[in-house]
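Where a number appears in this text, it was derived from the coordinates with a stated rule and is not lab data. Keep in mind that what you see is a predicted model, and the values were worked out from it rather than measured. We place every Cβ from the backbone using ideal geometry, glycine too, and count neighbours over all the protein chains shown.
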Amino acid sequence: MGQGTRQLRKINVLFMPLIPLTLVQHIELVDRLLTLARKKFLAGELLKFHPEGTEYTSLMVCFFLHIASGVDTIMRLYKLNSTWFPTTNAFVILRSVFEADVTAHYISKQPKERAVSFVKYGRILKKKRLDTLLKHNQTKDETWNQIISAELKEYYIPNQAKIEGKYREVKGSFEFVTKEGKVRPYCNWANKTLRDMAKEVDHEIEYDIFYTYLSSFTHVDIQLADRFLKSDNNGLFWTCRADEVSVAFVFSYAATFFSCFLALMGRQFQVEIEDDLARCWNFN
């Protein structure tokens, strides 16, 4: 096992206080990772078709594009205006990046079976959407009535029979029987919480430390509000000005999640990337 591989194993649990990089170094690190990702995975000849099938290959590429574009968006926002960089919005993006990383790791444990289930659950979601639109179709709110009617007319009503037929084909695969003998639908495609998935793929620490904190910025709790409320000798004031520590955490989290996913992509598609990742993290 090479030195690069030993270093890479630390990447999954990196946390800013453990890696004393400056803000400038964190930003450069993310920039290096984006460059590496483009080189290794955006060149079509470097990405092989995975032997576990079309569904798995397609999903992994989609997860890559989602994660890479999320990290790239954060970088672009910072370069656009570092003084007013929207850290709270960046944390929201990173929460979704983490979810994609955990989901990808979870599916990769049983690539064919889980990828197919993930794809088929789309039929359940379409049926739920159809039912929701039909439920509120007769609302007395004129604006909502127009919006709902338009969506039903353009897609869901013309395809209603097809949507319901495909739903019936997979419905039984996404149900379970309770201890009381009642049939209940899955809560999601895997019928597991994200935390359950994270534990199964050795991401429990990351979930507890990173994800729980990032959720504050999605659920809009007091930790989000605290980012805007400041105090000085003149008392309390509100500001959107970027806080350097918060910005550093954004790029630290981005580098951690992105590195973890890129390592998974490398392993799954037999693309040599571990030593390159280790070099990205090296600031000696």
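Annotations
- Spin-label pair residue 230/residue 128, simplified geometry with 7 Å Cα→Cβ offset, distance in nm: 4.1 nm
- For region 251-268, Karplus couplings with θ = phi - 60° (6.51, -1.76, 1.60), whole Hz, Gly/Pro x: 6, 5, 4, 4, 5, 5, 5, 5, 4, 4, 5, 4, 5, 5, 4, x, 5, 6
- To the nearest ten degrees, helix 160-170 and the longest principal axis of the Cα atoms of the chain are 70 degrees apart.
- Gyration tensor (alpha-carbon) shape descriptor, the chain, a/c threshold 1.5: oblate
- DSSP-assigned coil residues among chymotrypsin sites (Phe, Trp or Tyr not before Pro) in region 100-144, each with at most 12 further Cβ atoms within 10 Å: none
- Helical runs (DSSP H, four residues minimum) scored at -39500 (n - 2.57) apiece and divided by the length of the chain put the mean residue ellipticity at 222 nm at -20000 deg cm²/dmol.
- Couplings for region 58-67, taken from phi via the Karplus curve 6.51 cos²θ - 1.76 cosθ + 1.60 with θ = phi - 60°, read 4, 5, 5, 5, 4, 4, 4, 5, 5, 5 Hz in order; Gly and Pro are left as x.
- Of the two radii for region 157-243, the radius of gyration is 1.25 times the Kirkwood radius, both from the alpha carbons; that is the Rg over Rh value.
- Distant-in-sequence amide contacts of residue 201, defined by a placed amide H-H separation under 5 Å and a gap of 5 or more residues or a different chain, comprise nothing.
- Separation in nanometres of the label points that stand 7 Å from Cα toward Cβ, at residue 239 and residue 208: 3.6 nm
- Calculated from backbone phi, Karplus (6.51, -1.76, 1.60) coupling profile of region 151-158 in Hz, x at Gly/Pro: 5, 5, 5, 6, 9, 6, 5, x
- Rounded tilt (10° steps) of 87-109 against the dominant C-alpha axis of the chain: 70 degrees
- Tensor-based shape of region 208-284 (alpha-carbon gyration tensor, a/c under 1.5 rounded, otherwise prolate or oblate): prolate
- Helix 23-41 vs. the chain, principal-axis angle (Cα, 0 to 90°, nearest 10): 50 degrees
- Span from the region 115-193 Cα centroid across to the region 64-106 one, whole angstrom: 29 Å
- D_trans [Stokes-Einstein, Kirkwood Rh over alpha-carbon pairs] for region 60-213, 25 °C, 0.890 mPa s, µm² s⁻¹: 132 µm²/s
- The chain - charge dipole about Cα centre, Lys and Arg +1 at Cβ, Asp and Glu -1, debye rounded to 20: 860 debye
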